[in-house]
1. Which helices count as membrane-span-like in the chain under these terms: full DSSP H, at least 20 Å along the axis by C-alpha, Kyte-Doolittle mean of 0.5 or more?
2. Please work out the Kirkwood hydrodynamic radius for the stretch 56-107, using every pair of different C-alpha atoms, and report it in angstroms with one decimal place.
3. Evaluate the Kirkwood expression for the hydrodynamic radius of the stretch 101-171, namely the inverse of the mean inverse distance over all pairs of different C-alpha atoms, and round to one decimal in Å.
4. Give me the number: length gained by fully extending Val150 to Glu200, i.e. 0.36 nm times residue separation minus the C-alpha to C-alpha distance, one decimal in nm.
5. Cβ under 15 Å from Phe121's Cβ, Phe121 left aside: what net charge do those residues give with Lys, Arg +1 and Asp, Glu -1?
6. Give me the net charge for the shell around Ala24: Cβ to Cβ below 15 angstrom, other residues only, Lys and Arg +1, Asp and Glu -1.
7. Distance in nm between label sites at Asp157 and Glu35, each 7 Å beyond Cα in the beta-carbon direction?
8. Report, by chain and number, residues whose modeled amide H sits under 5 Å from the one on Asn51, excluding near sequence neighbours (fewer than 5 apart, same chain).
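Read the figures in this text as sums done on the coordinates, not as results from a lab. Just so it is clear, the model here is predicted, and its values are computed rather than measured. Cβ placement follows ideal geometry from the backbone for every residue including glycine, while neighbour counts extend to all protein chains displayed.
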Amino acid sequence: MRRISVFIAMMALVFNVHAADDWANFGRYAKSNQEVKALPQNQRKAVFMGNSITDNWASRRQSYFQENGYVGRGIGGQTTYQMVLRFYEDVICLHPKAVVINGGTNDIAQNNHNYVEDRTFQNIVTMAQMAKAHGIKVILTSITPVEQYVWRKEITDVPAKIKSLNARIREYAKKNKFQYVDYWTPMANERGGMRDGLSEDGCHPTPEGYDIMEPLVKAAIMKVAK
């Protein structure tokens, strides 16, 4: 397991040094990470690793994160390929009790790669195993419902792709005795998209959407990070 962490850390260094545009966006949380490391342990109970859904959550519901000792490490538009590169710096080095991993929707939207379910799934597995190797409790979550990506309308069969990846994540969590949080079931309509009122663009949750998500993930965190 340590070998996985070393490999990812080395890959992250390579991308950070050689990618002029900082593809994984290590710079986004570089300063904030130093501040988090100085906080007492109870103020970094869980790190939320993800994309814009996590990014918006942490910025728009700051009191929820601060009051519960949660740290947001979401970056809008990111795929799991980018998340796995920055996982060491943005999660492992913060020494949280738990990590909440939510990724994959931008992979399906093909933000920067053709979508290959096996590869996206393995990226999620890699992050989970890195956390486990460092004594961090793992919480995996479903991808939230999407019927169609407004920025990538040419992507077809989105609900079926989300359901398939969610099933693999859920089964993997069960086999490894990780907590699994199912956002999809209480948020999905009969077409596999967001229920009315839970999203303005069919992908990103409204406050009402986060109202559903927050107690679900908080319960999972409380089980593993008391």
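1. On the way: long enough: 2-18 (24 Å, 1.29); 117-133 (24 Å, -0.39); 158-176 (27 Å, -0.86); 207-224 (26 Å, 0.30).
Passing helices, by number: 2-18.
2. Mean inverse Cα-Cα distance, inverted, gives 11.9 Å.
3. Values: mean 1/r = 0.0784 Å⁻¹.
For the stretch 101-171, the Kirkwood estimate is 12.8 Å.
4. Numbers: separation 50, 0.36 × 50 = 18.00 nm, distance 1.06 nm.
Gain on extension, Val150 to Glu200, equals 16.9 nm.
5. Numbers: positive: Arg119, Lys161, Lys163, Arg168, Arg170, Lys174, Lys175; negative: Asp107, Glu117, Asp118, Glu171.
Here the count lands on +3.
6. Values: positive: Arg28, Arg73, Arg86; negative: Asp21, Asp22, Asp55, Glu89, Asp90, Asp107.
That sum, taken over residues with Cβ under 15 Å, equals -3.
7. Modelled inter-label distance: 4.5 nm.
8. Those lying under 5 Å, H to H, from Asn51 are Ile75.
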